[in-house]
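Asker: Below is the structure I would like to discuss, written out as structure tokens.
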Amino acid sequence: MREVILKISMPDNWVKETGIQFTTPIKFKECMPYGESGGRCLIEIDGIKDNSDEIIAHIQKHPDVCRIDISQSKNGILGSVVTNKCAACRALTGSDCFLTSALSLEDGSVEWKLITSANGSLTQLIDKLEENGCMVEITNTSHLTDNNLLTGRQEEIIHTAIEKGYYNYPKNITIKELALMFNISPSTLGEIIQRGEKKIISEYFHDKAKNKILPSVGFS
């Protein structure tokens, strides 16, 4: 299995136009086909305050957008966008690639992180994307091994948290201050840290058990 990062420039759509207009990263929490040729996406936009209404209105007026259901909060917006045309969603359907995250970039393209097998599934996916008018660039690829304990994002955030004294007692930095450094909400950062910590702790006890050096527990 491999982890692959693709940079995808899709034909004119709401993601491209919104990314260029506002240079605001859009995170795609989930993407799936909708109808015969459309798509449905769960999106999150962090760190916007003054222009959230303007961004929502811009997405809503795009001709490909059928429906949006957006909730606003002090940290940004979260909601679904349904379109009648989505080349990327259609290409991903039926492939042996698994989309783990997606993020829009300032130039209007989208960065996909995928888990894929080595049996030609990535080539097939890229062919489908290009057939649908997308420009595709592979920006990184790596084999998944036991050493890939944390995702790049988890490793970056947890490493920064350690350096800034988040794990000190008392803490040298709050979770809100740490979240500001990564331009994400405190709740999102907390979730990333929690998942990373779970992997690290699980791996620690897995190694203990494998080496048969788990401490014994006694009762007096």
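Bear in mind these aren't lab numbers, they're just calculated from the coordinates by the rules spelled out. Keep in mind that this is a model prediction, so the values were computed, not measured. Note that each Cβ is placed from the backbone with ideal geometry, even for glycine, and that neighbours are counted across all protein chains shown.
Asker: To the nearest 20 Debye, how big is the dipole of the chain about its Cα centre, given +1 on the beta carbon of each Lys and Arg and -1 on that of each Asp and Glu? Please report the intermediate quantities before stating the final value.
Answerer: Details: 24 positive and 29 negative charges, 159 e Å.
Rounded to the nearest 20 debye, it is 760 debye.
Asker: OK, next. Which value, in Å³ per residue, describes the convex hull spanned by the Cα atoms of the range 72-180?
Answerer: 160 Å³
Asker: Just to be sure I understand: of the beta bridges DSSP finds with both ends in the chain, what percent are antiparallel, rounded to 5?
Answerer: Within the chain, antiparallel bridges account for around 100 percent of the total.
Asker: Averaged across orientations, what area in nm² does the convex hull of the alpha carbons in the range 75-118 project?
Answerer: Details: hull surface 18.3 nm².
Projected area, direction-averaged: 4.6 nm².
Asker: What is the ratio of the Cα radius of gyration of the range 1-112 to 2.2 N^0.38 Å, with N the residue count, to two decimals?
Answerer: My calculation over the Cα atoms of the range 1-112 gives 1.02.
Asker: Here's a follow-up. Can you check how the C-alpha radius of gyration of the range 40-102 compares to 2.2 N^0.38 Å, as a plain ratio?
Answerer: On the way: Rg = 13.4 Å, N = 63, 2.2 N^0.38 = 10.6 Å.
Working it through for the range 40-102, the quotient is 1.26.
Asker: Roughly what % of Cα-Cα distances in the range 152-208 sit above 16 Å, to the whole percent?
Answerer: Percentage above 16 Å: 42.
Asker: Continuing with the same structure: Let me understand the chain better: what is its radius of gyration from the alpha carbons, and its Dmax, in angstrom?
Answerer: So, for the chain, Rg and Dmax equal 20.3, 72 Å respectively.
Asker: Defining a contact as two alpha carbons under 8 Å apart and six or more residues distant in sequence, what relative contact order in percent does the chain show? Spell out each step's value before the answer.
Answerer: On the way: 361 pairs, mean separation 54.3, N = 220.
With pairs under 8 Å counted, the relative contact order is 25 percent.
Asker: Also: Tell me, which longest segment in the chain has none of the trypsin sites (Lys or Arg not before Pro) that fall in DSSP loops with at most 16 further Cβ atoms within 10 Å?
Answerer: Excluding the exposed sites themselves, the longest stretch runs over 75-163.
Asker: Would you mind checking Lys29/Lys171; Lys16/Lys164; Lys27/Lys85 for any pair whose Cα atoms are more than 25 angstrom apart?
Answerer: On the way: Lys29/Lys171 31 Å; Lys16/Lys164 35 Å; Lys27/Lys85 19 Å.
Those over the limit are Lys29/Lys171; Lys16/Lys164.
Asker: Given DSSP loops and a limit of at most 15 other Cβ atoms within 10 Å, what is the longest stretch of the chain that contains no such chymotrypsin sites (Phe, Trp or Tyr not before Pro)?
Answerer: Result, exposed sites excluded: 1-166.
Asker: Scan the range 1-77 for GluC sites (Glu not before Pro) in coil per DSSP, keeping those whose Cβ has at most 15 other Cβ atoms within 10 Å, and list them by number.
Answerer: Those satisfying the criteria are Glu36.
Asker: Between the DSSP loop rule and a limit of at most 16 other Cβ atoms within 10 Å, which GluC sites (Glu not before Pro) in the range 65-145 are left?
Answerer: Numbers: sites: Glu106, Glu111, Glu130, Glu131, Glu137; in loops: Glu106.
Sites meeting the loop and neighbour criteria: Glu106.
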